[in-house]
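J.: Input: one structure, supplied below.
Any read-out appearing in this document is the output of simple, stated calculations on the displayed coordinates, not a laboratory observation. Since this is a predicted model, take the numbers as computed values, not measurements. Heads up, the Cβs are rebuilt from the backbone with ideal geometry, glycines too, and the neighbour counts pull from every protein chain shown.
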Amino acid sequence: MAAFAADGAALAGEWPGASLTRLAESQSPPQDGALTPVSWQVQGERHPLPAGEPEIWLALQASAPVWLTCQRCLQPLALPLTLDRRLRFVHGESQAEAMDAEFEDDVLALPRWLDLRELIEDELLLALPLVPRHDTCPQPLPVAVGQSELLGEDPGVDSRPDEGAKQPHPFAALRALKSGGGTSDPDAG
Ligand SMILES: [Zn+2]
């Protein structure tokens, strides 16, 4: 990994969508839709420091159109997911954690071997929206249909408010109980 970055080496490739299993599991493609390949490229960089070992950076780009479910209309939503990140690698987990809290860039511990597929899949999973939604949903919302059916089934409930008004007021009943108790003859007991 350090040698790769020191050479300023670049790698690029494409993976079948189904080969990133965690990303594939978080998608919901339509019945006739296949997962789209994930294309990616990385570029290693070595940043010399005034003292100590040079810093290792990795520029990472990836694009993966993913199938999600719109949380408004529950229809499939094709989202072009893209990554453009720069990751900074330091020696040792503890230093990585300390620097990750301090800097805006992602700081990771420099591994001997870097599993690019796992790293890129991690980053893509983090980039997924929490509540995916169409900008404009393609179909009328199913909720509107459900509401009209509900009104048709039971039309009488809210349409005759007069009946409710004629019911005795709950406090009236309470008052009747109280006054009944008050007028009971104490001599009868
Ligand atoms: Zn939608």
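J.: Rg (Å, one decimal) plus Dmax (Å, integer) for the alpha carbons of region 2-135?
T.: 17.2, 57
J.: Quickly rank 19-28, 93-102 as a protection proxy: mean count of other C-beta atoms within 10 Å, highest first.
T.: 19-28, 93-102
J.: Under a Cβ-only charge scheme (Lys and Arg +1, Asp and Glu -1), can you give me the dipole magnitude of region 2-135 about the Cα centre, in debye to the nearest 20?
T.: Taking the Cα centre of region 2-135 as origin, the dipole is about 400 debye.
J.: Each residue of region 69-81 in order: what ³J(HN,Hα) in whole Hz does its phi give by Karplus 6.51 cos²θ - 1.76 cosθ + 1.60, θ = phi - 60°, with x for Gly and Pro?
T.: 10, 4, 7, 9, 10, 6, 9, x, 10, 8, 10, x, 8
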